[in-house]
Amino acid sequence: MAYDQNLADRIARTLKKQSVSFEEKKMMGGLCFMVDDKMLCGTLQNALMCRVGKDAYEACLAEDGVEIMDFTGKPLTGFVKVTPEAIDDDKALDYWIQKCLDFNPLAKSSKRKKK
């Protein structure tokens, strides 16, 4: 499953514009953006995967162009999928990236500790 390189470039530009230190990792068939060793957001084909947290989850699902994030038949609570139409312009993409950045300090790190 390939991801949209244009979307990945737009995400990277948005994070750089805000002076956010991040790294990119290929995972889940797309490209994930990590901030402070925690998944912030990612690309999934041509959609945006957003980590918004459990508290914001239901409100985000009520927004236009937002779908349940589901890889295995079980919804991934705290993550939403934003359709390409809902992030068509940079202002809309900035909005969703900011939602992810707002949650990031509350997220648990997925970094594995060395034994």
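What follows is calculated from the coordinates using simple rules that are stated; it is not laboratory data. What you see is a predicted model; the values in this text were computed from it and never measured. A quick note on method: Cβ atoms are made from the backbone with ideal geometry, for glycine too, and the neighbour counts reach across all protein chains shown.
Evaluate the relative contact order of the chain (contact order divided by residue number), counting alpha-carbon pairs under 8 angstrom at least 6 apart; express in whole percent.
Numbers: 186 pairs, mean separation 28.5, N = 115.
Relative contact order comes out at 25 percent.
With a simple spin-label model that places each label point 7 Å from the Cα along the Cα-to-Cβ direction, the separation between residue 72 and residue 17 comes to 3.6 nm. Pairs spanning more than 19 Å between alpha-carbon atoms, out of 17/81; 74/99; 54/91; 38/99: 17/81; 74/99; 54/91.
Treating the beta-carbon of each Lys and Arg as +1 and of each Asp and Glu as -1, no other charges, what is the dipole magnitude of the chain about its Cα centre, to the nearest 20 debye? Numbers along the way, then the final one.
On the way: 19 positive and 18 negative charges, 209 e Å.
For this selection, approximately 1000 debye.
Projecting the Cα positions of 57, 82, 12 onto the charge dipole of the range 1-91 (unit charges on Cβ atoms of Lys, Arg, Asp and Glu, taken about the Cα centre) puts 12 furthest along the positive direction. When shorter helices are ignored and each DSSP H run of at least 4 residues is given -39500 (n - 2.57), the per-residue value for the chain at 222 nm works out to -9500 deg cm²/dmol. Taking θ as phi - 60° and the Karplus parameters 6.51, -1.76 and 1.60, the scalar couplings of the range 21-36 work out to 7, 8, 9, 10, 9, 7, 6, 6, x, x, 10, 9, 10, 10, 10, 6 Hz in sequence order, x denoting glycine and proline. Put simply, the amide H of residue 52, placed in the peptide plane, has neighbours under 5 Å in 79, 80, leaving out anything fewer than 5 places away on its chain.
Quotient of the Cα radius of gyration of the range 5-104 and 2.2 N^0.38 Å, N being its number of residues: 0.96.
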